[in-house]
Amino acid sequence: MKIAVITGASSGLGKEFAKAITELRPDIEEIWLVARREDKLKEVAASIKAKSRILSLDITDGKAIEE
């Protein structure tokens, strides 16, 4: 299974990349959207064409990643 992991996916370039990747890479089966703001990630997930998984966490926080 091909998975794309996009950090900072709730806004800015991350959000735009999440939207564009389904057009650029139709072979990707699932997109993992990672950022701190879950509400914004849900909006992005609803706007893309691929199956997505929301991971609401701060990747600079080692404890959050372990959980």
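Data for the structure
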item	result
Computed label-point distance, nm, for sites Phe17 and Val5 using a 7 Å Cα→Cβ extension	1.2
Helical contribution to [θ] at 222 nm, DSSP H n ≥ 4, -39,500 (n - 2.57), averaged over the chain, rounded to 500	-12000 deg cm²/dmol
Residue among Leu41, Leu33, Leu24 with the largest mean-square fluctuation in a Gaussian network model of the chain, springs linking Cα atoms under 10 Å	Leu24
Global size of the chain as Cα Rg and Dmax, reported in angstrom	11.4, 34
Using a Förster distance of 30 Å, the FRET efficiency for Ile59-Asp27 (Cβ separation, nearest 0.05)	0.75
³J(HN,Hα) computed for each position of segment 9-14 - Karplus, 6.51 cos²θ - 1.76 cosθ + 1.60, integer Hz, glycine/proline x	6, 7, 7, x, 5, x
Simple Cβ-charge dipole of the chain, Lys/Arg +1 and Asp/Glu -1, about Cα centre, in debye nearest 20	200
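Just so you know, all these numbers are worked out from the coordinates, no wet-lab data involved. Remember, predicted model here, so these are calculated numbers, not experimental data. Cβ sites come from the backbone with ideal geometry, for glycine too, and all protein chains shown count toward neighbours.
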